[in-house]
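The values are calculated or read from the model by the stated rules, or taken from the named source; none is laboratory data. Just so it is clear, the structure is predicted and the values come from calculations on it, not from any experiment. Cβ coordinates were reconstructed from backbone atoms using ideal geometry, including for glycine residues, and neighbour counts include every protein chain displayed.
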Amino acid sequence: MAKSSEESPARRTFMMVVIGLISTVIGIALAVPILGEVLSPLFKKRDIVWTKLSAVSDLEKISPLTPKFIPVYFKVKEGWSINTLPRQVIVVKDITGDLHFFSNQCTHLGCPLHWIPARQKFMCPCHGGMFNVLGEVVGGPPPRPLYEWIHKIDKGSVFIQNKFLDNPKERGI
Amino acid sequence: MFKKIQDWFDERIGLTELINEFNGERIPRRGGWAYTFGSLLAFLFTIQVVTGIFLLFYYVPYFPIARNATYFIKHHVMLGNVLLGIHLWGAFTMIFFLLVHMSRVYFSGAYKKPRELQWVVGMVLFSVVVILGLTGYMLIGNENSWWTINVLTNVASHTPVIGGFLRIIIRGGTETSVITMQHIFAVHVWLLPAVVMLFIPIHLFMIRKTGHQGMALEYKNNKLPDDDPNKWIRPDGTVPFFPDQFYKDMIVALGVFAVIYILAVVVGAPVGPMYRPLALNFAPEADWYFLANEELLKYFPGHGLIIFSTFLVPTIGFMILFALPFIDRGHERSPFKRPAATVLGILFLLLLVYLTLIGGEPKAPATV
């Protein structure tokens, strides 16, 4: 018969080591798939789509330095479903006639911006961020100018991608 | 007959002895009403669990549908508005009394040796309950929920080094989606309640282990000096937990429950409009207990400083609160004999109230 832990200190140490090892093995065996499940989104490639916004000729008609809000509907795969993501594109024509395609999300924490015509500013209703019509920060906490949607002009139409220019950390959207 | 049943159990598992052991805990005598907040919180948590379980009978955590499911519970399920109302006002009440309980413990120095760990465990419970409140707000699935999810995950993304990953993990992708809602749902109904259910017994167990200690007014007849740790072991008088303290607990529980019930029936739970990601005139609002933090986010402009409002100030604040018993190590308990701690506590509470009040004001009205 094997000795009890009280009879042999060595036996006691051995038992404690075995208990510890078994717990560790079971713990790791459970933790690995759980971690995999939780961290899985980090390893999924994001679904990037091009969506038609409008004809260039229509956009060129808008008056300069007056933002025009145009909704765009991205059809993207999210998890197990294909969803429509409605997003606002702010089209601004600057004085040289170039078009800018801004997102209407504040670059601070992503709230929806309001255009205040009387002040000629975009204002964030959450924490008071302010941007001018060209997307530059003119007040409040936002750390950077407005995000611009990645866009291309193809056969006279503007297409928008569900991705921002110059956005290494993929904030916003 | 009853005696026979009792004997049957006693012979096998010593039930009477067990119950007496649970109920016989001695509680210091003078501060009875001040000690009811803890059990009130346990009561409120039970209410939240029970109402929450039955809300699940009708709730769907799928993003565009969640708000309609909540609306359905309120308007089409018989007495669903009452159940939803109790869950909402119960949550508000719970957070409010958590602050009251914490303040009471703080001002009466109850976190001091040997009860440091109780405070730490209590802080874990506090953090978890606040997150439960926030996730509950998100699960309604209305317009505020949508923007709260976006804003808070963006706040998380400003955590140094792991921020970006953290946001993707919480959202289940780059964007707020059905997966995000499912994550929040799992966290709100299972993960965090399980943590609370684990930590409440630890909190209680520690009270039993450290014994019947109370506020400074329990020791008026005690001649030992304040810096003698032995002073705090022997209060002037004690009463058994059952029924003396339990009786007070029940009266407070009834009073608070009545208020919750009336609020649930009369005011109810506002469901709010469906979310519209295209809205051009919507101003998202946080729940009242988050307004102070919300106000904080308005300061610290610019790229280098944003981390102060999103990460450093809240984290350092929480760390100081967690470590409070290890920072304030004196044996003195009376709030009048440790003026620095008392004044700091009052100033902090005033700051909190002030930030909450100005945080609740509209910021950039669309009509300006």
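Going through the range B:62-86 one residue at a time, which ones are of a type in the set (V, I, T) and out of contact with any strand residue (DSSP E or B) (no Cβ under 9 Å at 6 or more places or on another chain)?
Of the residues in the range B:62-86, the ones of a type in the set (V, I, T) are B:65, B:70, B:73, B:77, B:82, B:86.
Hits for the range B:62-86 are B:I65, B:I73, B:V77, B:V82, B:I86.
Do any helices (runs of 4 or more DSSP H) entirely within the range B:1-67 hold 3 or more residues that are of a type in the set (G, A, S), and if so, which? Working first, answer last.
Working: elements: B:2-13, B:15-23, B:36-55.
Of the helices (runs of 4 or more DSSP H) lying wholly inside the range B:1-67, those with at least 3 residues that are of a type in the set (G, A, S) span B:36-55.
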- Message: Any residue at all in the range A:139-151 that's in contact with a strand residue (DSSP E or B) (Cβ under 6 Å, 6 or more places away or on another chain), within 11 Å of chain B (Cβ to nearest Cβ), in a strand (DSSP E or B) and over 24 Å from A:S57 (Cα atoms)?
- Response: yes
- Note on the structure: Screening A:I82, A:I70, A:I90 for residues that are more than 18 Å from A:F164 (Cβ to Cβ) and among the aliphatic types (A, V, I, L, M) leaves only A:I82
- Note on the structure: Inside the range A:1-51, the number of residues satisfying the requirement of being modelled with pLDDT of 90 or more and basic (K, R) is 2
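Tell me, which helices (runs of 4 or more DSSP H) lie completely within the range B:80-180 with 2 or more residues that are modelled with pLDDT of 95 or more? Step through it out loud before you land on a result.
Numbers: elements: B:80-107, B:116-139, B:143-156, B:163-171.
Here the list reads B:80-107, B:116-139.
Test of understanding: among B:D226, B:D244, which residue is more than 14 Å from every other protein chain (Cβ to nearest Cβ), farther than 30 Å from B:I131 by Cβ, surrounded by 16 or more Cβ atoms within 10 Å (Cβ to Cβ) and more than 21 Å from the chain's Cα centre (by Cα)? Spell out the reasoning first.
On the way: B:D244 fails: surrounded by 16 or more Cβ atoms within 10 Å (Cβ to Cβ).
Testing whether each residue is more than 14 Å from every other protein chain (Cβ to nearest Cβ), farther than 30 Å from B:I131 by Cβ, surrounded by 16 or more Cβ atoms within 10 Å (Cβ to Cβ) and more than 21 Å from the chain's Cα centre (by Cα) leaves just B:D226.
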- Task: Take B:V239 and decide whether it is more than 14 Å from chain A (Cβ to nearest Cβ), surrounded by 15 or more Cβ atoms within 10 Å (Cβ to Cβ), touching a residue at least 60 places away in the same chain (Cβ under 8 Å) and part of a helix (DSSP H, G or I).
- Result: no
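Let's see how each residue does on (1) more than 14 Å from every other protein chain (Cβ to nearest Cβ); (2) in a helix (DSSP H, G or I); (3) on the phi < 0 side of the Ramachandran plot; (4) out of contact with any strand residue (DSSP E or B) (no Cβ under 6 Å at 6 or more places or on another chain):
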residue: B:N293; (1), (2), (3), (4): no, yes, yes, yes
residue: B:G304; (1), (2), (3), (4): no, no, yes, yes
residue: B:I307; (1), (2), (3), (4): no, yes, yes, yes
residue: B:T310; (1), (2), (3), (4): no, yes, yes, yes
residue: B:I316; (1), (2), (3), (4): yes, yes, yes, yes
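Matching residues to (1) exposed (fewer than 13 other Cβ atoms within 10 Å of the Cβ); (2) of a type in the set (F, W, Y); (3) away from every other protein chain (no Cβ under 14 Å):
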site	(1), (2), (3)
A:S5	no, no, yes
A:R12	no, no, yes
A:M16	yes, no, yes
A:T24	yes, no, yes
A:G27	yes, no, yes
A:A31	yes, no, yes
A:G36	yes, no, no
A:R46	no, no, no
A:S54	no, no, yes
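Look at the range B:182-198 and say how many of its residues are within 22 Å of the chain's Cα centre (by Cα) and either within 12 Å of chain A (Cβ to nearest Cβ) or not in a helix (DSSP H, G or I) (or both). Walk me through it before giving the result.
Looking only at the range B:182-198, we keep the residues that are within 22 Å of the chain's Cα centre (by Cα), and these are B:183-198.
Checking the rest, the ones that are also either within 12 Å of chain A (Cβ to nearest Cβ) or not in a helix (DSSP H, G or I) (or both) come to B:183, B:186-187, B:191.
Adding up the residues that qualify gives 4.
Working only within the range B:48-96, note down all residues that are of a type in the set (A, V, I, L, M, F, W, C) and in contact with a His (Cβ under 8 Å, 6 or more places away or on another chain). Show your work before the answer.
Kept after step one, since they are of a type in the set (A, V, I, L, M, F, W, C), are these residues of the range B:48-96: B:49-50, B:53-57, B:60, B:63, B:65-66, B:69, B:72-73, B:77-79, B:82-84, B:86, B:88-89, B:91-92, B:94-96.
The answer is B:L55, and nothing else.
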- Taking the range A:96-132, which residues are among the β-branched types (V, I, T) and more than 12 Å from every other protein chain (Cβ to nearest Cβ)? A:T96
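Just checking, how many residues over the range A:154-165 are in a loop (DSSP other than H, G, I, E, B) and either over 19 Å from the mean Cα position of the chain (by Cα) or at pLDDT below 85 (or both)? Break it down into steps so the answer makes sense when it comes.
Here is the first cut: in the range A:154-165, the residues in a loop (DSSP other than H, G, I, E, B) are A:155-156, A:165.
Narrowing the set further to residues that are either over 19 Å from the mean Cα position of the chain (by Cα) or at pLDDT below 85 (or both) leaves A:155-156.
Looking only at that region, the number is 2.
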- Conditions (1) assigned to a helix (DSSP H, G or I); (2) away from chain A (no Cβ under 14 Å); (3) in contact with a helix residue (DSSP H, G or I) (Cβ under 7 Å, 6 or more places away or on another chain); number of the one not met by B:A340: (3)
- Would you confirm whether any residue within the range A:87-108 is touching a helix residue (DSSP H, G or I) at 6+ places or on another chain (Cβ under 7 Å) and not in a loop (DSSP other than H, G, I, E, B)? yes
- Item | Index of the failed condition, A:L59 passing every other in (1) assigned to a helix (DSSP H, G or I); (2) in contact (Cβ under 8 Å) with a residue 12 or more places away in the chain; (3) within 14 Å of chain B (Cβ to nearest Cβ) | (3)
- Just a yes or no: is a residue in the range B:266-273 part of a helix (DSSP H, G or I), under 30 Å from B:F43 (Cα atoms), at pLDDT 90 or above and away from chain A (no Cβ under 14 Å)? yes
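Would you confirm, using the coordinates I've provided, whether B:P273 is surrounded by fewer than 14 Cβ atoms within 10 Å (Cβ to Cβ) and in contact with a strand residue (DSSP E or B) (Cβ under 9 Å, 6 or more places away or on another chain)? Write out each step before concluding.
Working: surrounded by fewer than 14 Cβ atoms within 10 Å (Cβ to Cβ): yes; in contact with a strand residue (DSSP E or B) (Cβ under 9 Å, 6 or more places away or on another chain): yes.
Spelling it out, B:P273 is indeed surrounded by fewer than 14 Cβ atoms within 10 Å (Cβ to Cβ) and in contact with a strand residue (DSSP E or B) (Cβ under 9 Å, 6 or more places away or on another chain).
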- Query: Tally time: how many residues in the range A:109-132 are buried (at least 21 other Cβ atoms within 10 Å of the Cβ) and in a strand (DSSP E or B)?
  - Reply: 5
- Query: Restricting attention to the range A:56-83, which residues are loosely packed, with under 13 Cβ neighbours inside 10 Å and β-branched (V, I, T)?
  - Reply: A:I82
